[in-house]
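Novice: Input: one structure, supplied below.
The values are calculated or read from the model by the stated rules, or taken from the named source; none is laboratory data. Bear in mind that the values here come from a model prediction, so they are computed numbers and not experimental data. Note that we place each Cβ from the backbone using ideal geometry, even for glycine, and neighbour counts take in every protein chain shown.
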Amino acid sequence: MFASTVNGKISLSKEDKTEWTSKEDKSYFKSLTSRVGVVIMGRKTYDAIGKALPGRLNIVLTRTPYNFEGSDNLFFTSSTPEEILEELEKKGYEEVCLIGGADTFDQFADKGLVNELHITFEPTIRKGIKGLGENLESEVQLKYREFRELGQASLLIYDVIPMERATGLEPATLSLGS
């Protein structure tokens, strides 16, 4: 899941705390991630949130997991996207929400491990530092599935058209958002 300005920025500064997203987007984010039960994020997204999201398993990708203290619902890892999804599958999870940031999305998308994209376009044009997919190594093709109004914002849900992958691992359902 991602929230974006109309001009495609998902991060507005290094200190971005996503205060610029609407209450309707935040409500959708909480509803979907709580239903799925697992969120995967990069360390900068975790820093922006500032804590583990309650009621969900939180997995934070970092190059230095030994520098962080986890808990029952918070894990820091340097594992590959495939390793993370395989471990979650073994534990009975069928879906996860990939909640940011852009580099984390690129890692999963480049390996063909994203099958849904939920993106809320907030009605603002702002200078920012990151856009979705800026460091992708391969193209990601989308097929429109659904539109919802979230107050003044627009939520678009896309299916990711699968690319051929060398591994037999099926992609987990990854919902990308705020």
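Novice: Test each condition in (1) more than 17 Å from Tyr46 (Cβ to Cβ); (2) at pLDDT 95 or above; (3) of a type outside the set (S, T, N, Q) for Phe76 and report the one that comes out false.
Specialist: (1)
Novice: Would you say Phe76 is more than 25 Å from Leu142 (Cα to Cα) and either of a type in the set (Ser, Thr, Tyr) or touching a strand residue (DSSP E or B) at 6+ places or on another chain (Cβ under 7 Å) (or both)?
Specialist: Yes.
Novice: Just to be sure, is Ala52 in contact (Cβ under 8 Å) with a residue 24 or more places away in the chain and farther than 19 Å from Leu156 by Cβ?
Specialist: no
Novice: Can you tell me which residue among Glu116, Glu82, Glu86 is out of contact with any helix residue (DSSP H, G or I) (no Cβ under 6 Å at 6 or more places or on another chain), surrounded by fewer than 18 Cβ atoms within 10 Å (Cβ to Cβ) and under 17 Å from Pro162 (Cβ atoms)?
Specialist: Step by step, each of Glu116, Glu82, Glu86 is checked, and only Glu82 is out of contact with any helix residue (DSSP H, G or I) (no Cβ under 6 Å at 6 or more places or on another chain), surrounded by fewer than 18 Cβ atoms within 10 Å (Cβ to Cβ) and under 17 Å from Pro162 (Cβ atoms).
Novice: Based on what the data block shows, is Ser138 farther than 23 Å from Asn7 by Cβ, of a type in the set (Ser, Thr, Tyr) and touching a Leu at 6+ places or on another chain (Cβ under 8 Å)?
Specialist: Answer is no for this residue.
Novice: A further question on this structure: Failed condition for Gly100, given (1) at positive phi; (2) surrounded by fewer than 21 Cβ atoms within 10 Å (Cβ to Cβ); (3) not charged (D, E, K, R), with all others met?
Specialist: (2)
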